[in-house]
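Presented below is the structure to which this report refers.
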Amino acid sequence: MSSPRTLDARASVAWLRRFARTTPGVVAVIAVAVSAGCVIAGLVCGAQLDGRIAEHNAVLDHSEPLAYAAQNLYAALSAADAAAASAFLSGGIETAPIRARYQQALADTTSALADVTAGATDPNTRIAAAEISAQLVAYTGLVESARANNRQGFPIGSAYLREASSLMQTTLLPGAERIYTGNLAAVDEDQRAVESLPTAGLVLLGLVLVAIGVGSVMLSRRTNRQFNLGLVVAAVAVLLVGVWIVVAIRMAAGAIEQSRTEGTAMFGQLAKARILAQQARTDETLQLIARGDITAGEKSFNGRIVDLGALLGTEPSAASDGVRNWTASHHKQVEAYLGGDYPAAVGQAIGTDPGASAAHFAAVESGLRDQIEQTRATLRDRVSAAGAWLAWSPTGTLVLMVVAAVAAVVGLWPRLKEFL
Amino acid sequence: VRARIVLALTALVLGAAGCGSSSTPPTAVTVAPIEAQPAGAQEVTTLPAAGNADCDREASLRPGPQPRPGGMPPGSTMAAIAERGRLVVGVDQNTFLFGFRNPASGQLEGFDIDVAREIARSIFGDPDRVDLRVVDASQRESALESGQVDLVVRTFSITCDRKDKVAFSTTYFNANQRILVVKGSGIASAADLSGKRVCAVRGTTSLSALFALDPRPTLFGVSSWTDCLVMLQQGQVDAVSTDDVVLFGLAAQDPNTEVVGPSMGIEPYGVGIKKENTDLVRFVNGVLDEMRADGRWQRLYDARLRSLGPSPDPPSARYQD
């Protein structure tokens, strides 16, 4: 059934073998091998560079905004807890600004939660976000129970508030922390992916150069001419592509390194600092609500302030000034409390006086928030710069490699024509 | 018949094709419902410190001649307190009626607080020179032993075990251990607690009494009585059992609850004092004697505890010497 065709095929293969041993055959093989190699290497390099650009876009469009949203979620949750404690401490009827701060923190939390959920592709983050939603609803319910009871003068109000805060500190915040650290790690991973060299493409470029070299040697033996101009042009184009790729990737890597040290790492530290500040604020307010032995609360507060100081470093900034003032104000609060002057201690903690802890804490919080925004801008700017180095590389590579292929064919055509 | 077979076969083939092309949907997220509990709530399965009933718990030291305010005998504990300018008292802030923070004023109020202020009045002539420190029920002994506070006036039941560590004044109030339940729960006495979940504060005599019940109910230990009411409201326990005055204070915060059952035991409240400070014990007993005699005890009862019913007479003092 298939024998005539098979015979036919065998015959043509045999003819090709014979033809390949002849000089025109060799020239044709070199032309085909070099031009095909150029096109294939060009496609692979282009695709790999495209991949680097896609990773860079992933940082800007996906992982970085997600980490930022997760950081906001964590910070908004701790802010809600600190605000709820302040509102409770301020008595039966909290002032409008204090209530508004709590409501703002809740709005920030749910906004951040929506961003985190929308960007989450892995099931773990989605589960963690769902857990936070469920816990947040329970949390607000407990806070309102505390508020309703407190307004009636029932001491059970403080029991509900302590339960709410315990839910926040033991389940909500650790859950948010897991999302946040996972996302920050994803940013780092995407950043590293941008700066890695496209090895497969470079190896192919090398092979094409070897093919051109071997082809040139064979050609000079068969035709007694030293150089073939087409092959020389092709080799120069291939070298140019190799240099372009290495330089572009190295420059991009430099920008990415900057984005990692001045961006991601700083961002992580500042976010940690912001959360430590919120938790210390909750500590100092809960001390006054529990109104008991403050040794444990003080230990926790002081530990967090020390960690906060270490994160902020020695450079003067609005945040570190704020922390110094806040700590001094907190000591006044503790002094008043230990001296038995409870109303003075409460006033020092949540009063509207500019010398009270509330104002200093607000300064720390806004200082850290500004620094986080700046760091975020640096991170995105550096990653964008890395993208600019890569922007034309896939197209350029492909075009140069096609030029190389065409040059090889055009250069070899006269040698082939001699035999036709 | 043939047509039907063809039809059936067609249906089968179509069905199979349908099965092959249907894709499994991506797994949806599911999370467990959230059940919040008061911080540190835990089931109690080991016996709290063994009860030692072999003593005359209510007997205290007889007061000597009572010094006047401002004239404390030199070298005495009271003189040191007068020197310091404030009497430091460990109290509660979560027990309605006895020691609680009035949210409107931010001040601590209650029968225990009033007793503490009367003692301050006897030292300084001024009831306001008192520094109230909130202590947890389980910290009452240690706060006295460490000298953190001079006195503990905090629904502090006198027991023989506690008398090994701290000294007590004479009894200034007699409470009865009873049970707080949600109305219509069907629990009417200690016998009905079998198989139920009951809440009590860790380190209290109430918890020891519940532990001794046979059969023993499932017990939950928390750090404050209001945490027990939270657990009752959240349906995490069926009953709370402790002194009736504490329970009435909880019931006053939730009209759906009621105090039931006969007394499971009398709990005499005394002022806790560091064991070495015998002069202060005699002095406080002198103050309590004066309060019983001049009608101040009665006035404080009427002002704070009227909701518990008509005033019983103040408990009479008993002395060991």
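Once the Cβ-Cβ distance of B:GLN66 and A:ASN302 is raised to the sixth power relative to R0 = 35 Å, the FRET efficiency obtained is 0.20.
Where Lys and Arg each count +1 and Asp and Glu each count -1, what net charge lies around B:GLN37 among other residues with Cβ under 14 Å from its Cβ?
Details: positive: A:ARG162, B:ARG197; negative: A:GLU163, B:GLU35, B:GLU43, B:ASP227.
So the environment of B:GLN37 carries a net charge of -2.
Kirkwood radius and radius of gyration were both taken over the C-alpha atoms of the range A:43-105, and their ratio Rg/Rh is 1.46. Against the main long axis of the alpha-carbon atoms of chain B, helix B:111-124 sits at an angle near 30°. All C-alpha to C-alpha distances of the range A:47-166, sorted into 10 Å bins beginning at zero, yield P(r) values of 13, 35, 25, 15, 7, 3, 1 percent in whole numbers.
Distance from the Cα centroid of the range A:81-128 to that of the range A:243-293 is 20 Å (rounded to whole angstrom). Counting, for every residue in A:136-143, the Cβ atoms of other protein chains within 10 Å of its Cβ and taking the mean gives 2. The simple spin-label model puts a point 7 Å past each Cα toward its Cβ; for B:GLN107 and A:THR199 those points are separated by 7.8 nm. Stokes-Einstein, applied to the Kirkwood radius of chain A over Cα pairs at a viscosity of 1.567 mPa s and 4 °C, places its translational diffusion at 49 µm² s⁻¹.
Rg to Rh for the range B:250-321: what is it, with Cα atoms only and Rh by Kirkwood? Could you put the intermediate results ahead of the total?
Details: Rg = 15.9 Å, Rh = 15.1 Å.
Using Cα coordinates only, the ratio equals 1.05.
Here each label is just a point 7 Å from Cα along the line to Cβ, and for A:THR295 and B:THR30 those points are 4.8 nm apart. Applying 1/(1 + (r/R0)^6) with R0 = 30 Å to the Cβ-Cβ distance of A:THR261 and A:LEU240, what FRET efficiency is obtained, to the nearest 0.05? Using R0 = 30 Å, I get an efficiency of 0.40.
Working from Cα positions, state the angle (0 to 90°, nearest 10) between the long axis of helix A:266-290 and the longest principal axis of chain A. Value to nearest ten degrees: 20.
Calculated accessible area for chain B comes out at 45 Å² per residue, all protein chains present (probe 1.4 Å; ligands, DNA, RNA ignored). Note that chain A presents 45 Å² accessible area per residue, ligands and nucleic acids not counted, probe 1.4 Å.
The helix-based estimate of mean residue ellipticity at 222 nm for chain B, built from -39,500 (n - 2.57) per DSSP H run of four or more residues and divided by its residue count, is -9500 deg cm²/dmol to the nearest 500. Give me the log10 of I(q) over I(0) for the range B:177-271 at q = 0.13 Å⁻¹, as the Debye formula computes it from C-alpha points; what are the numbers? The calculated log intensity ratios at q = 0.13 Å⁻¹ are -0.36. Size of the range B:91-227: Rg and Dmax of its alpha carbons, in Å, are 16.9, 53.
Using just the helices of chain A, give the 222 nm mean residue ellipticity in deg cm²/dmol: DSSP H runs with n ≥ 4 each add -39,500 (n - 2.57), and the total is spread over all residues, rounded to 500.
Numbers: 15 runs with 356 residues, N = 420.
It lands at -30000 deg cm²/dmol.
Contact-buried residues of the range A:150-175, at a threshold of 20 Å² lost accessible area versus the chain by itself: A:ASN150, A:GLY153, A:PHE154, A:PRO155, A:ILE156, A:ALA159, A:TYR160, A:ARG162, A:GLU163, A:SER166, A:LEU167 (1.4 Å probe; DNA, RNA and ligands ignored). The order of the peptides A:149-155, A:192-198 by mean Cβ neighbours within 10 Å, most packed first, is A:149-155, A:192-198.
Which shape class, rounded, prolate or oblate, goes with the range A:124-179 when its Cα gyration tensor gives a ≥ b ≥ c as root eigenvalues, a/c under 1.5 marks rounded, and past that a/b bigger than b/c marks prolate? Walk me through the numbers on the way to the answer.
Values: a/c = 5.36, a/b = 2.67, b/c = 2.01.
Verdict is prolate for the range A:124-179.
Rolling a 1.4 Å probe over the protein heavy atoms of the protein assembly as shown, with every protein chain left in place, gives an accessible area that is 58 percent carbon and sulfur. Given a 10 angstrom Cα cut-off, can you work out which residue in A:LEU204, A:LEU229, A:LEU43 is the most mobile in a GNM of chain A? Answer for the Gaussian network model of chain A: A:LEU229. For chain B, the Cα-based Rg and Dmax, in that order, read 28.6, 120 Å. When chain A is treated as a Gaussian network with alpha carbon springs shorter than 10 Å, the biggest mean-square fluctuation among A:TRP326, A:TRP392, A:TRP15 belongs to A:TRP15. Which residues does a label at B:ASN256 reach in the range B:163-205, if reach means a backbone N under 15 Å from a point 7 Å past the Cα toward the Cβ? Residues B:181-186 qualify, since their backbone N sits under 15 Å from the label point. Legend: residue pairs A:LYS299/B:LYS275; B:LYS163/B:LYS275; A:LYS272/A:LYS332; A:LYS299/B:LYS274, Cα-Cα distance threshold 18 Å; pairs beyond threshold, A:LYS299/B:LYS275; A:LYS272/A:LYS332; A:LYS299/B:LYS274.
Annotation: peptides B:245-256, A:303-314, A:133-144, ranked by per-residue average of other Cβ atoms within 10 Å with the highest first, follow the order B:245-256, A:133-144, A:303-314. Mean partner shielding of peptide B:39-46, defined as the number of other chain Cβ atoms within 10 Å of each residue Cβ, is 2.
Ignoring lysines fewer than eight residues from B:LYS183 along the same chain, the ones with Cα atoms less than 29 angstrom from its Cα are B:LYS196.
From the alpha carbon centroid of the range A:349-420 to that of the range B:269-313 is 78 Å. Hey, in the GNM for chain A with a 10 angstrom Cα cutoff, which one of A:ARG324, A:ARG21, A:ARG369 fluctuates hardest? Ranking A:ARG324, A:ARG21, A:ARG369 by mean-square fluctuation puts A:ARG21 first.
Peptide B:96-102 has a mean of 3 when you count, residue by residue, the C-beta atoms of other protein chains within 10 Å of its C-beta. Taking a ≥ b ≥ c as the square roots of the eigenvalues of the Cα gyration tensor, an a/c ratio of 1.5 or more together with a/b larger than b/c marks the protein assembly as shown as prolate. Remark on the range A:185-270: Rg and Dmax equal 20.2, 70 Å (Cα only).
The distance linking the range B:88-115 with the range A:129-170 is 23 Å (Cα centroid to Cα centroid, whole angstrom). Eigenvalues of the alpha-carbon gyration tensor of the range A:349-395, scaled by 5 and square-rooted, set the equivalent ellipsoid semi-axes at 44, 5, 5 angstrom, largest first.
Quote the total accessible area buried by chains B and A together, excluding ligands, DNA and RNA, probe 1.4 Å, nearest 100 Å². Mind showing how you got there, number by number?
Numbers: alone 15870 and 20320 Å², together 33450 Å².
Result for this pair: about 2700 Å² buried.
How would you classify the range A:257-414 from its alpha-carbon gyration tensor, with a ≥ b ≥ c the square roots of the eigenvalues: rounded for a/c under 1.5, else prolate if a/b is greater than b/c, otherwise oblate? The shape class here is prolate.
The values are calculated or read from the model by the stated rules, or taken from the named source; none is laboratory data. Treat the numbers as computed from the prediction; the structure is a model and nothing was measured. Glycine gets a Cβ as well: all are built from the backbone with ideal geometry, and neighbour counts include every protein chain shown. Side chains included, ligands, DNA and RNA excluded: accessible areas come from the protein's heavy atoms. Shrake-Rupley method; radii C 1.70, N 1.55, O 1.52, S 1.80 Å.
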